[in-house]
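In what follows, a structure is listed as C-alpha cells, so that the remarks can point back to it.
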Amino acid sequence: MKSSTTTIINAPVAMVFLWLEDDERLRQWVPNIIEDEVLVETPEKVGSRFRQVYLEGGKEMEMIGEITEYTLDERMRVYIIGDMFDLDVDYWLKPLSDDQTELTQNTIIKFKGVMKIIAPIFGVLSKFSSKDPQAQAHAKLKEMAEAEHKAA
C-alpha cells in the first residue's frame, strides 16, 4: 500500500529537517510512539539503526529501522521492520523561501502474515475515513516546527 502527503511548513528547511531526525522532536509529532532509541549511529547517517516502540490499541509494537538514504536538509529515507508490516518512508524537503519548506512523505507499507489478507479492507475503509494518520502527523509536525520557528 502506497501513500503520499505534502505539507507546506512556515519554517526554514534546516529546522523542518531537524524535526525529522531529532529523537526528542520526533516523539512529539509521530503518533503513538513511546520509545525511540538509537542502536547504531554512523557518521554519514546511512546505515544508522534505531528501535521504536509504538502503543497501538493498548499493545506495544516494537519496530527496528535503518536510514537508507540521507542528504542533510534535503532527504531522509528509512526502512522500518515490524512483526505485522514493514515501512519504507521517504521524506523529501524543498525550500520554498528562507522561511518556508515543502515536505513530502512517500510511504510504502508491506503487510505480513494475516495482515496481508485484511490489509485491502483497511485500504478501502481508509478512503472513506476522515482520519488520515500521515496527514494528522504532518499537521502536528507543521504546528510544532512553526511554533519553534516563531519563538526563535
Long-range HN-HN contacts of Val46 with modeled amide H, under 5 Å: none
Once the piece of chain linking Ala135 and Glu66 is laid out straight, how much longer is it, given 0.36 nm per residue of separation minus the C-alpha distance between them? 22.5 nm
Within the set of other residues whose C-beta is less than 12 Å from the C-beta of Lys94, count the net charge using Lys and Arg as +1 and Asp and Glu as -1. -2
Give me the net charge of Glu69's neighbourhood, meaning all other residues with Cβ under 15 Å from the Cβ of Glu69; Lys, Arg count +1, Asp, Glu -1. -3
Just to compare against my own numbers: the Cα pair-distance distribution for segment 2-47, 10 Å bins, whole % per bin, please. 19, 46, 34, 1
Two-decimal log10 I(q)/I(0) for segment 2-151, as the Debye equation yields it once each C-alpha is a single scatterer, q = 0.13, 0.14, 0.15, 0.20 Å⁻¹: -0.62, -0.72, -0.83, -1.42
Net charge, Ala11 excluded, C-beta distance under 11 Å - Lys, Arg +1, Asp, Glu -1: -3
Test of understanding: ordering Ser48, Ser3 by Cβ neighbours within 10 Å, fewest first, what list do you get? Ser3, Ser48
May I ask you to compute the full-extension gain from Lys112 to Glu56, defined as 0.36 nm times their residue separation minus their alpha-carbon distance, rounded to one decimal in nm? 18.5 nm
Summing -39500 (n - 2.57) over every DSSP H run of at least 4 in the chain, dividing by its residue total and rounding to the nearest 500, the 222 nm mean residue ellipticity is -10500 deg cm²/dmol
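Readers should treat all values here as calculations from the given coordinates under stated rules, not as data from a laboratory. Since we're looking at a predicted model, the values are computed, not measured. For neighbour counting, all protein chains shown are included, and Cβ atoms are generated from backbone atoms with ideal geometry for every residue, glycine included.
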